[in-house]
Amino acid sequence: RSTDSDGIVQLFAVQDQFDTYDLSDNEIRKVDGFPHLPRLKCILLNNNRVVRFGNNLEEHLPHLETLILTNNNVQDLADLDVLHTVKTLTALCLLKNPVAANSSYRHYVINRLPQLRILDFRRIKDKEREEAQRLFGDSKASATSNTFEPGENLPTRALDQPQAPAPAPSVPAVPHKDVQAIRAAIAKASSLEEVQRLEALLKSGGVPGRGDERRKSSGQRSEVEEEEEMDTASNQYNGVS
């Protein structure tokens, strides 16, 4: 009587000699760890302690057709989902497993493993397949329902069309008459000092001509006028006419 997966390990010694192997009456807990056995078509695993199955069994057992697991310990329906990839599997038996007591067991297995023809030594009927699909939906859709794909469930337009650029910050429009005043002041500037004064005025939000008129009407003098007056006073003090 072998323990755990020792029975499966023994298959490495016999290599690929037979199409049927009887691994019953052992302590095997997981159906996994097989060597590459392309001739193997049937495995008997009765009276073990199997609770789960390995992924991608078809890679090592490419022609497996029959899997008999009477009197084991498979508990949940979801534990059988990994057999979906074994497309060659046509006969499965899980009698005397806790999972077989589930009221949805037969229809669930028929739906998740559509490649099966015989379940628990009973041929699967077309009416059972129709009922299984009604209860659990399309097996192909459910097989990929837990797989995330980039862009999944996003609107097609959101994927195909580029996003609109963010609007540029609004800039207040400059009146046409102010534009003309600015151009005229630039054209009349005859020295670097005048250009610098004009630049400072524009940065402060003023407009040549318009700001001076407001200041004169309110009795205020512009910085330019004050500087010119100070230059005149200085020249008079120094005796310059």
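Every number in this text was worked out from the coordinates using simple rules, so none of it is lab data. These figures come from a predicted structure and were not determined experimentally.
Any chance you could run the full-extension gain for residue 52 through residue 134? It's 0.36 nm times the residue separation minus the Cα-Cα distance, nm to one decimal.
Values: separation 82, 0.36 × 82 = 29.52 nm, distance 2.70 nm.
In short, 26.8 nm is gained.
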Response to the item:
Over all viewing directions the Cα convex hull of region 25-100 casts an average projected area in nm² of 4.3
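Once the piece of chain linking residue 84 and residue 27 is laid out straight, how much longer is it, given 0.36 nm per residue of separation minus the C-alpha distance between them?
Value of the extension gain: 18.0 nm.
Could you work out how much longer the chain between residue 123 and residue 19 gets when fully extended? Use 0.36 nm per residue separation minus the Cα distance between them, nm to one decimal. Could the numbers behind the result be given before it?
Numbers: separation 104, 0.36 × 104 = 37.44 nm, distance 2.25 nm.
So the chain would gain 35.2 nm between residue 123 and residue 19.
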